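The numbers here are math on the coordinates, done by the rules we state, and not lab data. Quantities reported herein were computed from a predicted structural model and do not represent experimental measurements.
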Amino acid sequence: MSASTLARPLAARVHALPELAAWHGETTEPVHEGVLHAAFKALDDGQTHYTDRPGIKPLRTKAVTQLGMRYGVEYTADEVTITCGATEARFVALKQLVDAGKKILHAGDDETILGAAALIGAALTTDPDDADIALLYLTNTIPAEQAQALAERAGERGWWILFDTATPDHNNRFHPALSAELAPLTITIGSASDQLPGWRVGWLAGSKVANKLRAYKQSMTICTPSVSQWAAMGLEETVNGAG
């Protein structure tokens, strides 16, 4: 099979990508002084090459600490993979967990996954009784009671749960991984793009497929840029954001 033939299905999917609404999640404020200081220090220290493939441990530890403080979930740094923004994290999770032709259940919060779903050939649905659902996509903008009911349904049906914290959370403290039964099925996504727009720092955390998702991310981009990771250490908070 020729390269041009192999490219045709992907080209067709790219052509069919939905036109997304303009993204308003990034700040136009100047980069925080702490970020600049951390980036300059990384350059001075020679942190300009590849990092550990999962990401630098201090940043993975920081994400874990802040997840614990905000949601009460307990992860270890070994369960976290730093990604090139939340966009890469979403694609990695969906690509590995949802087969073409299967469906993603959401609660009206589908804009951030429309592109990834189209590329992998998955459909979106709001019907929890659909027989073809493989994954539940939740953001922390969903009211806690509704999110919990959907997460419990996911546990009953054996669906994966993609919990996206890279959105404004309206002080929502629900997290599906607080349930021991749901924790192995729950992949958490986060991003620093609200404070670091363009630096491409996000992450994946948790679930029984954490290593599988890490391996796929590594096959795509090896590691997230070193200076960006060290710059994120200058942030007061890296858990929430969009990107």
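Details
- Amide H contacts for residue 133 (H built 1.01 Å from N in the peptide plane; partners 5 or more residues away or on another chain; cut-off under 5 Å): 103.
- Karplus-derived HN-Hα couplings along region 40-51 (A = 6.51, B = -1.76, C = 1.60, θ = phi - 60°), whole Hz, x at Gly and Pro: 4, 5, 4, 5, 4, 7, x, 7, 10, 10, 4, 9
- Eligible lysines near residue 208 by straight Cα distance, threshold 25 Å, same-chain separation 8 or greater: 57, 62, 95, 102, 103, 217
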